[in-house]
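K.L.:
This is the structure I want to talk about, given as structure tokens.
The values are calculated or read from the model by the stated rules, or taken from the named source; none is laboratory data. The structure displayed is predicted, hence computed values, not measured ones. Cβ coordinates were reconstructed from backbone atoms using ideal geometry, including for glycine residues, and neighbour counts include every protein chain displayed. Calculation scope for accessible area: heavy atoms of the full protein, side chains included, ligands and nucleic acids excluded. Shrake-Rupley method; radii C 1.70, N 1.55, O 1.52, S 1.80 Å.
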Amino acid sequence: MGGSAVVTSAAGTPGPSPADSDLVRAARGLPVSRTPVWFMRQAGRSLPEYRALRAGTAMLAACQDPDLVTEITLQPVRRHGVDAAILFSDIVLPLVVAGVDIEIKPGVGPVVAEPVRSVADVDALPPLEPERLAFLETAVRRLVAELGPTPLIGFAGAPFTLATYLIEGGPSKEHARTKAFMYAEPEAWGRLLDRLAISAAVFLRAQVDAGASAVQLFDSWAGVLSAADYAERVLPHSRAVFDGLGDRNVPRIHFGVGTGELLPLIGDAGADVVGVDWRLPLDEAARRVGPQRSLQGNLDPAVLLADRATVDREVRRVVEQGRAARGHVFNLGHGVLPDTDPGVLTHVAELVHELTTSPARPTAPMP
Ligand code: 1CP
């Protein structure tokens, strides 16, 4: 589709292209027809149709099956009318494809058979060969054809967050072993994050080259670091991931949880959009990030478990506070909680659209 403004959708009718979608425009700080909305972890989790499809297939096998990836990625787009799809995958997938022994245990998360605990372990990590990503390219191409004007967001795990799983051996709260390794073995730490940055960049490039319209780097656990440690020991590696995209002209979203004190730095790593969790109002986040970047967020996912009046009040507040940002992509402050009623997600998407529809900009480009 190149740089053309209009594409022909799978149905054969011309329509606006993903490159001119509200998601991409908001990410770039351009005027939008309405605030775009999608939900982190919108695929899987709360959807019964997802559970039905996944039954009998292990998570990481499902992620490597183009038929399942395509269908699971499309489910929330059909159901909720969100403004973007996010590829059904996982942040540990590039490591798994490279040959690291990792399993995603139901109800737990990624578990690493042989955690990285020494300099030798770092050096033994296998590189990710791009040739192994054919399944991913197939899935992305199919999705882009199916999605028509709706953009597909590709993603990868940031070096720090992936390092926490490799070093801890699985999910953890304090990430104490990770920090201990970072302080005790600064050289090996740098090498580990270098390698993870290269594999994240390979993974993102494959998705963008197959047609993804935006990318998100998940540094979910970066908020456990001080600003000084983040700036010195982590940020250069996250920047390397974005640099690895070269001149690929897609917006870059950079997200972490508990990152209030890190927001200016996270913006500096090269993103167009900074993801914000629910702890900080978006107007304050906009002050910290500055006028050069858009924001994504930040409804507390737990609010979706409350009564409808609370949901509506909080959605309105986030929409209003988001007006302080250069551009706003409505989202949750973190992923959808598994107990969330999918009907509430559909309602939130509708409400955001209703509250922000401006008659000024036509939804389709003029002929
Ligand atoms: O919308 C989507 O669900 C898209 C697919 C997606 C994404 C974007 C999955 C599927 N995982 C992720 C990213 C991811 N994976 C992150 C970053 C986002 C975040 O912070 O939520 C992280 C930290 C992971 C690691 C991971 N994988 C966890 C978290 C464990 C912890 O440390 O608390 C878990 C539970 C998984 C498994 C997983 N990934 C995805 C799904 C649907 C599942 C559950 C699988 C199952 O139930 O078997």
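K.L.:
Can you work out which of the residues in the range 102-131 that are charged (D, E, K, R) and in contact with an Asp or Glu (Cβ under 9 Å, 6 or more places away or on another chain) is nearest to Ala180 (Cα to Cα)? Give the steps one after another, and end with the answer.
P.N.:
First pass over the range 102-131, keeping only residues charged (D, E, K, R): 103, 105, 114, 117, 121, 123, 129, 131.
Adding the requirement that they be in contact with an Asp or Glu (Cβ under 9 Å, 6 or more places away or on another chain) leaves 114, 121.
Numbers: Glu114: 18, Asp121: 16 Å.
Restricting to residues being charged (D, E, K, R) and in contact with an Asp or Glu (Cβ under 9 Å, 6 or more places away or on another chain), the top hit is Asp121.
K.L.:
In the range 180-225, what residues are farther than 28 Å from Thr70 by Cα, open to solvent by 20 Å² or more (accessible area, probe 1.4 Å) and among the aliphatic types (A, V, I, L, M)?
P.N.:
Ala180, Ala184, Val224
K.L.:
Hey, another quick one. So Val116 ticks every box in (1) within 14 Å of the ligand (Cβ to nearest atom); (2) among the β-branched types (Val, Ile, Thr); (3) surrounded by 20 or more Cβ atoms within 10 Å (Cβ to Cβ) but one. Which box is left unticked?
P.N.:
Exception for Val116: condition (1).
K.L.:
Can you tell me which of Asp194, Asp219 is in contact (Cβ under 8 Å) with a residue 60 or more places away in the chain and among the acidic types (Asp, Glu)?
P.N.:
From the options Asp194, Asp219, the qualifying one is Asp219.
K.L.:
Among (1) within 15 Å of the ligand (Cβ to nearest atom); (2) of a type in the set (S, T, N, Q); (3) under 30 Å from Thr70 (Cα atoms), which single condition is Thr259 missing?
P.N.:
(3)
K.L.:
Mind checking which pairs have a first residue in the range 4-27 that is at pLDDT below 95 and a second that is in a helix (DSSP H, G or I) and surrounded by fewer than 16 Cβ atoms within 10 Å (Cβ to Cβ), Cβ under 9 Å, 6 or more apart or different chains?
P.N.:
Matching pairs, first to second residue: Ser9/Ala145; Ala10/Ala145.
K.L.:
Right, here's the next one. Kindly check whether there is at least one residue in the range 226-243 that is open to solvent by less than 20 Å² (accessible area, probe 1.4 Å) and not in a helix (DSSP H, G or I).
P.N.:
no
K.L.:
Condition first: closer than 13 Å to Leu196 by Cα and open to solvent by 10 Å² or more (accessible area, probe 1.4 Å). Now tell me which residues in the range 130-179 satisfy that. Don't jump to the end; show me each part of the working.
P.N.:
Kept after step one, since they are closer than 13 Å to Leu196 by Cα, are these residues of the range 130-179: 156-167.
Answer for the range 130-179, where residues must be closer than 13 Å to Leu196 by Cα and open to solvent by 10 Å² or more (accessible area, probe 1.4 Å): just Tyr165.
K.L.:
Let me spell it out: the conditions are (1) within 9 Å of the ligand (Cβ to nearest atom); (2) open to solvent by less than 60 Å² (accessible area, probe 1.4 Å); (3) in a helix (DSSP H, G or I), and Arg25 meets all of them except one. Which number is the exception?
P.N.:
(1) is the only condition that Arg25 fails.
K.L.:
List the pairs whose first member sits in the range 37-53 and is assigned to a loop (DSSP other than H, G, I, E, B), whose second member is more than 10 Å from the ligand (Cβ to nearest atom) and of a type in the set (S, T, N, Q), and whose Cβ atoms are under 8 Å apart, counting only residues at least 6 apart or on separate chains?
P.N.:
Final answer for the pair search is Trp38/Asn331; Phe39/Asn331; Met40/Asn331; Arg45/Thr340; Ser46/Thr340.
K.L.:
For Pro36, only one of the following conditions fails: (1) open to solvent by 10 Å² or more (accessible area, probe 1.4 Å); (2) in contact with a strand residue (DSSP E or B) (Cβ under 8 Å, 6 or more places away or on another chain); (3) more than 11 Å from the ligand (Cβ to nearest atom). What is its number?
P.N.:
Among (1) open to solvent by 10 Å² or more (accessible area, probe 1.4 Å); (2) in contact with a strand residue (DSSP E or B) (Cβ under 8 Å, 6 or more places away or on another chain); (3) more than 11 Å from the ligand (Cβ to nearest atom), the lone unmet condition for Pro36 is (1).
K.L.:
Further question on the same structure: In the range 89-104, what count of residues is obtained for those that are open to solvent by 20 Å² or more (accessible area, probe 1.4 Å) and within 8 Å of the ligand (Cβ to nearest atom)?
P.N.:
Qualifying residue count, the range 89-104: 3.
K.L.:
Determine if the range 259-266 includes at least one residue that is of a type outside the set (A, V, I, L, M, F, W, C) and buried (at least 24 other Cβ atoms within 10 Å of the Cβ). Spell out how you get there, then give the answer.
P.N.:
Of the residues in the range 259-266, the ones of a type outside the set (A, V, I, L, M, F, W, C) are 259-261, 264.
Still in the running and buried (at least 24 other Cβ atoms within 10 Å of the Cβ): 259.
Yes: one or more hits.
K.L.:
So which residues in the range 244-256 are within 12 Å of the ligand (Cβ to nearest atom) and not in a loop (DSSP other than H, G, I, E, B)?
P.N.:
At the first step, the residues of the range 244-256 found to be within 12 Å of the ligand (Cβ to nearest atom) are 253, 255-256.
Of everything in the range 244-256, those that are within 12 Å of the ligand (Cβ to nearest atom) and not in a loop (DSSP other than H, G, I, E, B) turn out to be Ile253, Phe255.
K.L.:
How do the helices (runs of 4 or more DSSP H) wholly within the range 258-367 filter down when requiring 2 or more residues that are free of Cβ contacts under 8 Å to residues at least 12 places away in the same chain and closer than 29 Å to Tyr50 by Cβ: which remain? Explain how you work it out, then say what you get.
P.N.:
Working: elements: 263-268, 282-289, 308-322, 342-356.
The helices (runs of 4 or more DSSP H) meeting that bar are 308-322, 342-356.
K.L.:
Tell me which residues, restricted to the range 281-339, are within 16 Å of the ligand (Cβ to nearest atom) and among the charged types (D, E, K, R). Give the derivation first.
P.N.:
Of the residues in the range 281-339, the ones within 16 Å of the ligand (Cβ to nearest atom) are 296-302, 304, 329-339.
Selection gives Asp300, Asp339.
K.L.:
Still on this structure: For residues that are assigned to a loop (DSSP other than H, G, I, E, B) and open to solvent by 30 Å² or more (accessible area, probe 1.4 Å), scanning just the range 58-88, find the one that is nearest to the ligand (Cβ to nearest atom). Break it down into steps so the answer makes sense when it comes.
P.N.:
Keep residues of the range 58-88 that are assigned to a loop (DSSP other than H, G, I, E, B), which gives 58, 63-65, 81-84, 87-88.
Subsequent filtering for residues that are open to solvent by 30 Å² or more (accessible area, probe 1.4 Å) retains 58, 64-65, 81.
Numbers: Ala58: 8, Gln64: 13, Asp65: 14, Gly81: 15 Å.
Out of the qualifying residues, it is Ala58.
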